Amino acid sequence: MPYGWPRTCAGVNFFYTFRPVGGIMKAVWRNPLQFRSVNRMMKYGDLEKIKQFVFDGDNTACFIERERILARLSTEMEGYQGGDREARIIAGVLSGVSVPLYDCDYFAGRVVEAQPDAGMEAPSRLIASTGHMSPDYEKLLRLGLSGILDEIRTNAARKGTPEAKLFCENAEIIINAVRDYALRYACEAEKQGRTQMAEALRRVPYEPAYDLYSALQGIWLIHMIASCYVGGRDYAFGRFDQYMLPYYEKAVADGMTEDEAAEMLAGFFVKCNEICGRTTHNYKKKPILSNASKQYVNIGGEHPNAFSYVVLRAQMLNNMAQPQTTVLLKSDADPAFTDAVFKAMAALTDKLHIYNYDLVEKSLIAKGLPVHIAKDHSYSACCTFDLHWHNYRREFYVPVLQIFLKTLSENTFDSVDGLLEVFKGNLAASMQEYADSQQYGDPVKRPMFAFSGLLMPDSCVECEYPTDGNSPYSVMNMFCPGVATLGDSLMVLDRLVFKGKRFGYDEFIRILKSDYAGHEELRQEILSWPRFGNDTDDDDYTVRAGNAFLDAVDSLDLKPNFLAFGGFYSLERDNTWREQVGATPDGRHAFEPFSENQSPTYGADKSGITSLLNSVSKLPFDRAVTGGLNITFSRNYPPEILKALAVSYFEKGGLHMGISVVDKEVLRDAMVHPEKYRALTVRLYGFSEYFVSLPEWQQIAVINRTAY
């Protein structure tokens with residue numbers, strides 16, 4: 001769907017764009033016939049053709065040139081353990097791969113794919129990255145790799161250690177290899193008459209970006225190398241609208257129209273789908289290290305700007321699963337921006353989600369972070385909190401329900417308070433073990449940052465890798481799967497055992513261990529009680545469960561530069577861990593799925609969406625900065641309805657909202673006839689997925705969600 005959001009009048013579609021009027025961004029309706037043809041906006045580039053290549057791609061193919069080069073280098077460098085090993089391998093890959101360029105490409109940088117050779121185990125992990133981070137693309141654009149290298153040389157000389165010298169030597173090897181790779185692409189672009197592209201590639205990413213096109217080209221080349229050739233997933237673009245604004249403003253001053261900028265940016269966004277395939281992270285994986293990479297573009301926050309609107313328009317043109325638009329929505333944001341966000345959400349549905357910026361900022365300041373750091377937060381894949389480019393992903397999915405059932409089994413309690421006190425200690429012990437594995441260094445992972453460490457300013461200042469644990473802001477995300485199942489279980493224990501005294505403690509534990517054998521009538525009675533998600537006083541049990549988890553997080557013994565943030569997030573643990581979790585007091589059978597993310601148990605929310613949002617908003621989000629809430633609608637709702645729901649939810653203290661719009665009959669038909677629905681996306685956890693690529697159990701889970 002091109003350009004903005006459509007409105008039909010007498011058979012003619014109209015769209016609006018945004019124009020500054022009196023210092024305020026105003027919506028202006030325009031006839032699309034006033035736009036120049038997409039194909040005439042830029043001399044080269046074809047969005048629809050690139051999309052077709054993505055959908056026609058082979059999800060069983062690997063990045064064949066990478067794999068063949070690494071197979072050769074594995075033999076050539078067998079036994080070599082020098083400190084420059086990974087840098088030399090990366091340089092070897094970049095010097096050996098080809099530079100394919102299609103006439104539909106807006107930007108240079110794509111990877112050759114083919115079936116793995118006979119006997120080849122793809123993907124090779126001779127080199128790899130952890131990914132899961134927000135590189136400092138602002139610094140890349142401002143200084144170029146050459147400027148970053150100058151800083152590293154200065155800092156290495158200042159430190160004077162062998163480790164700093166080696167860090168600098170590795171940086172030189174890699175940066176020179178990237179420069180040579182870009183220059184080879186410049187030659188190819190020149191051969192094809194792509195003068196704008198060729199000029200950019202002769203300069204970026206080695207030199208600073210000089211206009212909007214060169215900025216996007218420089219970012220893309222680095223993003224693709226990190227994801228595909230080094231190998232890693234979930235690289236995010238950070239606060240994209242903030243650091244790209246100067247280049248957009250220069251482009252406008254030089255005569256570029258908003259329409260041209262939106263198309264150019266869409267040509268950048270669509271390429272994000274080339275590096276990850278259409279498979280999921282947990283089923284029939286594409287044999288590449290960037291398989292199913294979820295790439296977040298953050299906009300909004302303290303100062304939404306003119307480029308924020310361009311991002312929304314470009315994503316409308318892209319309308320693919322990647323990248324995900326992450327809006328940091330401030331309560332007093334310009335009303336025009338807020339309206340634009342919800343018009344985009346109504347159209348993009350699962351491809352855009354929003355965070356309560358004010359709530360997160362206050363939580364971070366309460367944690368002791370400086371205000372300027374708190375304001376500069378962002379998110380990367382799986383709704384994971386980042387301090388922008390200061391940290392890489394450290395995350396621990398705490399086995400909350402497993403620990404809960406073990407706590408019940410090994411003790412005898414007479415109150416919820418007594419149970420929670422012991423439970424908190426057990427949770428803290430599990431998290432402390434993980435924290436200790438991180439905060440005292442993880443040298444095994446050091447080689448995984450040979451490339452991406454150059455895009456982390458703290459690493460470049462210290463000339464050491466972030467795995468050494470010395471970044472001033474080292475973040476660990478502690479995730480709580482199943483908080484609603486936990487809260488509902490506390491409610492049942494109080495009703496039946498602690499306060500209701502219908503069963504003795506040991507008697508009820510025996511019923512649980514038997515998986516309710518001989519007690520189906522009791523189980524059905526439990527399931528009939530209002531559970532979390534219906535805006536009742538019993539929601540307090542889930543709130544207490546959430547606070548117990550966050551108390552355990554706050555009790556951790558951490559180095560001064562380490563920060564642990566709790567959140568209510570499950571990824572797919574609500575299903576993949578089900579066989580580790582016996583029957584729970586809320587009436588759930590052993591080995592059945594438990595609650596997802598911040599949501600009620602599937603089917604438990606029976607009182608409407610307002611009650612659902614009221615319940616979830618009671619969770620202690622003032623202490624949690626990560627996690628997600630996904631809401632499923634059975635039909636499209638106008639932007640005004642979405643805005644009213646989300647703004648009200650955030651005013652009550654809600655943290656996050658993402659949506660899916662699904663027709664369950666369409667989903668069931670897609671399970672039978674996947675070839676008809678290859679572009680159908682749904683929201684999972686913290687991202688979009690192609691429905692037909694999901695495993696059957698996950699497709700069923702999506703269908704089983706309450707749809708409003």
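Among the listed residues Arg125, Arg110, which satisfies the condition of being modelled with pLDDT of 95 or more, touching a Lys or Arg at 6+ places or on another chain (Cβ under 9 Å) and in a loop (DSSP other than H, G, I, E, B)?
Going through Arg125, Arg110 in turn, the sole match is Arg110.
Restricting to segment 602-634, count the residues that are of a type in the set (Phe, Trp, Tyr) and not assigned by TED's automatic domain parsing to the domain that holds Tyr569.
Within segment 602-634, residues that are of a type in the set (Phe, Trp, Tyr) and not assigned by TED's automatic domain parsing to the domain that holds Tyr569 number 1.
A quick yes/no check of all residues on (1) more than 24 Å from Ile225 (Cβ to Cβ); (2) modelled with pLDDT under 95; (3) over 20 Å from the mean Cα position of the chain (by Cα); (4) of a type in the set (Val, Ile, Thr):
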position: Cys276; (1), (2), (3), (4): no, yes, no, no
position: Asn282; (1), (2), (3), (4): yes, yes, no, no
position: Gly301; (1), (2), (3), (4): yes, no, no, no
position: Ala340; (1), (2), (3), (4): yes, no, yes, no
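Please work out if Pro116 is touching a strand residue (DSSP E or B) at 6+ places or on another chain (Cβ under 7 Å), assigned to a loop (DSSP other than H, G, I, E, B) and either free of Cβ contacts under 8 Å to residues at least 60 places away in the same chain or under 23 Å from Tyr247 (Cα atoms) (or both).
no
Would you pick out the residues in segment 208-242 that are farther than 25 Å from Glu86 by Cβ and over 19 Å from the mean Cα position of the chain (by Cα)?
The answer is Pro208, Ala209, Tyr210, Asp211, Leu212, Tyr213, Ser214, Ala215, Leu216, Gln217.
Give Arg531, Arg510 a once-over and let me know the one that is surrounded by 16 or more Cβ atoms within 10 Å (Cβ to Cβ) and either modelled with pLDDT of 95 or more or not charged (D, E, K, R) (or both).
Arg531
Among the residues of segment 555-573, count how many are outside any loop (DSSP other than H, G, I, E, B) and out of contact with any helix residue (DSSP H, G or I) (no Cβ under 8 Å at 6 or more places or on another chain).
3
If you go through segment 588-602 one residue at a time, do you hit one that is surrounded by fewer than 24 Cβ atoms within 10 Å (Cβ to Cβ) and within 21 Å of the chain's Cα centre (by Cα)?
no
Being small (Gly, Ala, Ser) and crowded, with 17+ Cβ neighbours inside 10 Å is the filter; apply it to segment 603-612 and report the residue that is farthest from Tyr569 (Cα to Cα).
Ranking the candidates gives Ser611 first.
Which of the residues that make up segment 537-556 are touching a residue at least 12 places away in the same chain (Cβ under 8 Å) and closer than 15 Å to Leu490 by Cα?
Asp538, Asp539, Asp540, Tyr541, Thr542, Val543, Arg544, Ala545, Gly546, Asn547, Ala548, Phe549
Any idea how many residues of segment 432-457 are under 22 Å from the mean Cα position of the chain (by Cα) and more than 24 Å from Asp554 (Cβ to Cβ)?
10
Return yes or no: is Gln115 modelled with pLDDT under 95 and over 30 Å from Ala262 (Cβ atoms)?
no
So, in segment 58-87, exactly how many residues are farther than 23 Å from Ala186 by Cα and over 28 Å from the mean Cα position of the chain (by Cα)?
So the count comes out to 17.
So which residues in segment 384-431 are without any contact (Cβ under 8 Å) to a residue 12 or more places away in the chain and acidic (Asp, Glu), if there are any at all?
Once the filter is applied, which keeps residues that are without any contact (Cβ under 8 Å) to a residue 12 or more places away in the chain and acidic (Asp, Glu), segment 384-431 yields Glu410, Asp417, Glu421.
Kindly provide the set of residues from segment 88-105 that are of a type in the set (Val, Ile, Thr), crowded, with 21+ Cβ neighbours inside 10 Å and either touching a residue at least 40 places away in the same chain (Cβ under 8 Å) or not assigned by TED's automatic domain parsing to the domain that holds Gly231 (or both), ordered by number.
Within segment 88-105, Ile90, Val93, Val97 meet the criteria.
Consider Leu496 carefully, then state whether it is touching a strand residue (DSSP E or B) at 6+ places or on another chain (Cβ under 9 Å), modelled with pLDDT of 95 or more, among the aliphatic types (A, V, I, L, M) and outside any strand (DSSP E or B).
It is false that Leu496 is touching a strand residue (DSSP E or B) at 6+ places or on another chain (Cβ under 9 Å), modelled with pLDDT of 95 or more, among the aliphatic types (A, V, I, L, M) and outside any strand (DSSP E or B).
Name the residues in segment 357-408 that are part of a loop (DSSP other than H, G, I, E, B) and either modelled with pLDDT of 95 or more or over 27 Å from Gln322 (Cα atoms) (or both), would you?
Passing the criteria: Lys367, Gly368, Leu369, Pro370, Val398, Pro399.
Inspect all residues belonging to segment 312-329 and state whether any of them is of a type in the set (A, V, I, L, M, F, W, C), over 17 Å from the mean Cα position of the chain (by Cα), within 24 Å of Gly131 (Cβ to Cβ) and not assigned by TED's automatic domain parsing to the domain that holds Lys250.
no
The values are calculated or read from the model by the stated rules, or taken from the named source; none is laboratory data. Note that the structure is predicted; figures quoted are calculated from it, not measured. Methodologically, a virtual Cβ is constructed for each residue, glycine included, from the backbone with ideal geometry; neighbour enumeration extends over all protein chains shown.
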